[in-house]
Structures are given as C-alpha cells and as structure tokens.
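Beneath this line is the structure, given in structure tokens, with notes to follow.
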Amino acid sequence: MVHRSEKWRFAAPIILIAVMLVQMFTHLAWLSISAQSGQVTVPYLMSRGMTLFGNVIENRAPADATLLALLYRLLPSVEPILILRIMNVLLVLTLTLLIYALAKRLTGSTFVGICAVLFWALWQPVYGNILFYFDSLVGATYILTALTWLVTEKRLPGWLAPFLCGLLLGGATLWKQPAWVDVVLFALWLLFAARRGRQLPAFILGALIFPLTAVAITTAQGNLDTYLYWNFEFHLTRGESWGQPLTGDFVRKLLLTNILALPFALLALRRSDEKRAVWLLIVVLWLGAGVALYPSFGEIYAMGHLPLLSVMSGIVVAILLKHLARLNWRSAKTEQLIAIGVALIIGAAWCWAVAVTYIPNVLGRASVPAYDEFKPLAERVLSLSAPGDTLYVLPEWDGNAQLHVLTGLLPPGTWVNGHSHILAAPGIVDQLLAEWAQTPPTLIVDFPDFPSSAGLQRLRDFIDGRYSEVGQIDDVPFNGDAVIYRLYEQP
C-alpha cells in the first residue's frame, strides 16, 4: 500500500480545490447536461399544489421530487432549472469530497485519495448526464454509508454504526427503489463478513424509519394505495418490456470503467486484518448498485456505482503507480513491459471515451437538453394562451413535459408520465379521459413524430371534434414537429 508522503499531504488540498474548480466550470459553462421531468416538471407541479401519487402519477421514488419541490416553493423567484443546476453542482462537489475522504480513510494515504478523486472527475461527466438524477443521489448515499461505518464502527454504543448505516440505506430506497438490494446485501455482510449478527436489529430499525415515514405521509394524504402501486407493484408486475437496450458502446464504457474492480475485490479477499470486512463492504455495495442498470442500460444508471468504483479504482491505480515508480526500466522483465503497455492502452481508451462528452451538441455548449430546445415552443404557446388556460402535452415525456414549467400552465387535473409502459397500466388512460370529459385541457401540444402507443393514441383521439389547430413549430431539436391545439367545443 502507498504510504503517507509529506509532499502529497501538502499537495492534496491544492489538487482537490483545482479539481473542484474545474468541475464547477465544466458543469456550469461547458457540459451539456440534460434535464428530466422527474427533476423539473414533477417537483414544479408539486410546488404549485399538486400531490405526488395523488394527481401527479409517477413511477419513481419520491424523495428527489419532494426535496426539489420544497426548494422550488422556497425560491419562487428563481427559475427551477437554475436551482436544479446548482443542486447538481453541489452534489458533484460533495461526492468529490466524500470519495477523497473514504479512499484516504481506507488506506491512510492522501495519494490514494487523490487518485480516487481523479478517476471520479474523469468519468463522472460520462455517466452523470442528467441533472441531480436519482442514481447520482443513490451513489452519494452508498459512499456515505461506507464512510459512516468507518467513522462510527468502534464508537459506543455498539448499535450506533449499524443503525446509522441502516438509516442511510433505508433513505436510499426513497431516492430509487433498487436500493433495497443494498439494504439486503448490507444485512448479509453484517452477518457473515463483519460478524455482528447481534447488531442486525439496529440496522433493520434504521433501514425502516424513512420508508415507514413515506408510508405514513402518503397514508395521511390518502394516497397509500397509489404510492404502493407505482413504487412497488407496478415495477414487479408490468407485463411489457421497457427501458433502454444494451448497446455495444455502453458495454465498452462499462468494461473500461470497471476494469479495476476485480483487482480491488481480489485485494479485499486477500486481506487478513481488521479492515478486510470494510473493503468487502465496498465490493458488496458496488455489486448491489449494479442492479439499477437493469432494464434500462443507459449511462446515467451507472452513477449509483461510480462513486464506490472511483474509490476501488483509485486504490488500484495508486498501487500500480507505486510499483511503476520503483521499476528499473533497463532490467524490466518482458511481462512487466507488456503490463505497462496494456495500462497505457487502457489509459488512452479512457481519455477517448471521456473526450466525446465535451463535444457540444446542436444546442451549444452548456446547454440543457430536454429543456432548452422547448423555449421557442413555450413562447409560441404563451402567445396563444389566455388567462385560466390549462395545458396537456402528448406525450408528457422526459423533456416535453417541461412545457408546463416554461409556460407556467398546469394540467386541468391529473398529470401522468407519458411513457408507454405507464399509459399501459390498468385504468390510467380511462381516468384521464374521464377527467377530460368534465374538464378538458384548453391547450394541447402534440408531438406527432413520437411513436403512438395504444394509450397515447387514445389521448390523441380525444382531440378530434373538440380542438382546432392554432399553431405549429417545426423540427424541435430531438423531438420533431410540435402541433398546438385549442379547445373550441365544450363536450
């Protein structure tokens, strides 16, 4: 293991500050990081008085939207997208510090901490391509759990460490439901690796506090049934396949990023000291975080395991650099030179995969895809609107739904996430159409280039005989044409 060094002890704060300044600049002035309805539209609607799992139908866990809704309500004069961008930068910077702290505490080396931070800074823009996304928050919780265990495991009372870790992992399930896998894995680790079976009740108690709080809140709101359905039953019983397919490009990125995970796992298994269990905990949480990659194989879903992976990779990289520094090039063995060559090739592949992230898209540098492209359309909708108007978007997609935020126009009743697998849920389209029969939206924006599922087509059919076309914006980037309709006949 790399030992403490005076030069690294003094250089570490400078490097950390430099990395964080670069992250602030790139995330605010260079990278094009997307927005999503779950972080913009849903909390915005909640801040305007609508209720999650009541008249806002979403299949994602509630904590992210609830936190942002509170901020949007507390800061009504600040654009939601600006609040979201600031929160995303704060999350990235916080993770940088947590990764450094965990790597340093695991090894006692500032150099290892810096290696872990550099790995994180290199790969985070590749996977962190949606602002303040659920998986990024889950990843922060996982690394905070490992750090909390290290800080509190030897403190009295003995139940404190497992209780706090349970509290964190239980809270992670409210960021994203697959975190329940890591709750189970941590319990198994506590039993068989840490050998602290007597502390399992404290962990379970901690893990249940936040989920039971969510149950209590939704019960008080009268939305317990819909909360349980959309958070759990829907994900376990949906009949159709959905999500992003696994592509060769994504497999390449995952292999490049995780290539040092196996060496770390082997190092953890070989340890025989008191830190062996903690090293294994890192591996266990990393494995559990990988569950979130199914069934949507997109870059953002890897953010749950990237912070832990950064610590694992930083440790392995530091060890490799240590041995490389001691290598006598003139007497190096053939296999050593081959290993160095392979390492250089991997490093070049890392840089190539990362460099693509910094190429501006059609919206320009520092743009917010799934938000900025709708600004001209929002202006057109507002020019055609009147006081008291309501709006619905077909489909209420991850980006299209931002029109509610950009125009300030709310739906007439229930808002439903427009993904085809949600519209296919039993009774959901019937509920919308029944509401519209009484109180139809006065404005509808349709994106006809989006493939029409059975549920979406039923909503589009509602337009016939009730609405007239009043405007159109052609070729909205990434979305195609947008047609604006106004209600002209009361049903």
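The values are calculated or read from the model by the stated rules, or taken from the named source; none is laboratory data. Here the structure is a predicted model, which is why all the values come from computation and not from measurement. FYI the Cβ positions are ideal-geometry reconstructions off the backbone, even for glycines, and counts take in every protein chain you see. Note: areas computed on protein heavy atoms with side chains; ligands, DNA, RNA excluded. Shrake-Rupley method; radii C 1.70, N 1.55, O 1.52, S 1.80 Å.
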### Summary
Counting only protein heavy atoms and rolling a 1.4 Å probe, one gets per residue an accessible area for segment 168-304 in Å² of 50 Å²
## Note on the structure
Spelling it out for residue 415: with amide H atoms placed in the peptide plane at 1.01 Å from N, the residues 5 or more places away or on another chain with amide H under 5 Å from its amide H are 56, 57
### Task
Rounded to the nearest 10 degrees, what's the angle between the helix 6-29 long axis and the longest principal axis of the chain, both from Cα atoms, 0 to 90?
10 degrees
### Summary
Once both label points are put 7 Å beyond Cα along the C-beta direction, the residue 323-residue 430 separation in nm becomes 6.5 nm
### Query
Within the accessible area of the chain, what % is carbon and sulfur when the probe is 1.4 Å and the other protein chains stay in place?
65 percent
## Note on the structure
Projected onto their principal axes, the Cα atoms of the chain stretch, largest extent first, over whole-Å spans of 85, 51, 41
### Three-way shape call for segment 166-298 based on the alpha-carbon gyration tensor, with the a/c threshold at 1.5
oblate
## Note on the structure
If amide H atoms are modeled at 1.01 Å from N in the peptide plane, then the residues at a separation of 5 or more from residue 481, or on another chain, having amide H under 5 Å from its own are 449, 475, 476
## Note on the structure
Going residue by residue through segment 350-363, the Karplus relation 6.51 cos²θ - 1.76 cosθ + 1.60 with θ = phi - 60° gives ³J(HN,Hα) values, rounded to whole Hz and with x marking Gly or Pro, of 4, 5, 5, 5, 7, 4, 4, 4, 8, 7, x, 8, 5, 7
### Query
Can you give the % of DSSP beta bridges in the chain that are antiparallel, to the nearest 5?
60 percent
### Message
Distance cut-off 28 Å, Cα to Cα: go down the list 176/322; 253/322; 176/253; 253/275; 176/375 and report the pairs above it.
### Response
176/322; 253/275; 176/375
### Query
Which angle from 0 to 90°, rounded to the nearest 10, does the C-alpha axis of helix 110-127 make with the longest principal axis of the chain?
30 degrees
### Task
With everything on Cα atoms, drop me the angle between helix 134-152 and the longest principal axis of the chain, reported from 0 to 90° to the nearest 10.
40 degrees
### Task
Indicate the gyration tensor shape class of segment 278-405 (rounded, prolate or oblate), computed on the Cα atoms with a ≥ b ≥ c the square roots of the eigenvalues: a/c under 1.5 is rounded; otherwise a/b larger than b/c is prolate and the rest oblate.
prolate
